[in-house]
Amino acid sequence: MKVVLFFVCSWLALSWTEAATNVTAAEREEILRHHNFLRRTTTPTPANMLPLVWNDELADQAQEWALNCTIERGFPARPNVTFSSVGQNIWLSSLQRINLTEVIQSWYDEIDFYNWEQTRCYPPPGWMCTHYTQVVSARATDVGCGYYHCPNGHAVVVCNYGPKGYIPPYLEGPPCSQCPSKEGWCDGGLCDCTNTDVS
């Protein structure tokens with residue numbers, strides 16, 4: 001009996017602490033495409049917006065948290081070794097169907113509750129705008145997501161962002177006019193500071 005219990009407990013621990021994201025390559029491209037579309041087209045115009053890139057560590061941790069089937073934010077017990085601060089967006093629905101573009105768009109649509117003049121959120125009861133500010137955080141460079149179809153019939157999507165965003169989420173101004181690095185290209189309104197080949 002001890003052997004059986006040890007095996008079961010070991011399997012459960014492995015499944016919950018070593019979860020790898022179930023996001024496919026096509027879904028990963030969808031997540032990056034829509035995030036970066038919103039980041040380059042948001043208003044007012046961002047002056048220091050970086051493109052998001054995929055991060056497997058953030059994705060695996062997002063998947064691990066998604067298994068909890070909760071709208072509450074949180075992170076696995078194991079620390080993130082890449083970022084000292086990590087932001088998080090969660091979507092939970094009674095619908096089993098998951099459309100990742102629509103999920104990300106729903107986070108961005110909280111822009112209606114953000115006041116740029118006062119740099120504050122003014123959401124109605126039961127709403128928030130920190131999903132929006134995280135999607136368009138110029139401080140964030142990486143994103144990783146996971147999703148899960150819960151036993152109770154709900155579906156959950158979790159996206160983790162590194163580093164965590166702040167308010168205000170970015171600097172206003174002409175596109176790429178205040179990039180973190182003065183070198184590189186402006187790629188459709190996003191600071192492409194990794195490409196220094198300007199010949």
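The values are calculated or read from the model by the stated rules, or taken from the named source; none is laboratory data. All values derive from a computational prediction rather than experimental measurement. Reconstructed Cβ throughout: ideal geometry from the backbone, glycine too, with neighbour counts over all protein chains shown. The accessibility values were calculated without ligands, DNA or RNA, using every heavy atom of the protein model including side chains. Shrake-Rupley method; radii C 1.70, N 1.55, O 1.52, S 1.80 Å.
Only one entry of GLU110, GLU117 meets the criterion of being acidic (Asp, Glu) and open to solvent by less than 50 Å² (accessible area, probe 1.4 Å), and that entry is GLU110. No other residue among GLU172, GLU117 is among the acidic types (Asp, Glu), at pLDDT below 95 and closer than 16 Å to THR43 by Cβ apart from GLU117.
Take the conditions (1) surrounded by 15 or more Cβ atoms within 10 Å (Cβ to Cβ); (2) aliphatic (A, V, I, L, M); (3) farther than 25 Å from PRO44 by Cβ; LEU95 misses just one of them, which is (1). Residues that are surrounded by fewer than 13 Cβ atoms within 10 Å (Cβ to Cβ) and under 22 Å from THR21 (Cβ atoms): does the range 140-152 have at least one? There is at least one residue in the range 140-152 that is surrounded by fewer than 13 Cβ atoms within 10 Å (Cβ to Cβ) and under 22 Å from THR21 (Cβ atoms).
Selection within the range 42-84: residues that are open to solvent by 70 Å² or more (accessible area, probe 1.4 Å) and either among the acidic types (Asp, Glu) or part of a helix (DSSP H, G or I) (or both). The member of this set that is nearest to ASN22 (Cα to Cα) is ASP56. Contact map, the range 160-174: residues that are more than 20 Å from LEU58 (Cβ to Cβ) and in contact (Cβ under 8 Å) with a residue 24 or more places away in the chain paired with residues that are among the hydroxyl-bearing types (Ser, Thr, Tyr) and open to solvent by 20 Å² or more (accessible area, probe 1.4 Å), Cβ distance under 7 Å, separation 6+ or inter-chain. Pairs shown: ILE167/THR119; PRO168/THR119; GLU172/THR45; GLY173/THR45; PRO174/THR45. Take HIS131 and decide whether it is touching a strand residue (DSSP E or B) at 6+ places or on another chain (Cβ under 6 Å) and either more than 17 Å from VAL86 (Cβ to Cβ) or among the charged types (D, E, K, R) (or both). Considered against the rule, which asks whether it is touching a strand residue (DSSP E or B) at 6+ places or on another chain (Cβ under 6 Å) and either more than 17 Å from VAL86 (Cβ to Cβ) or among the charged types (D, E, K, R) (or both), HIS131 comes out as no.
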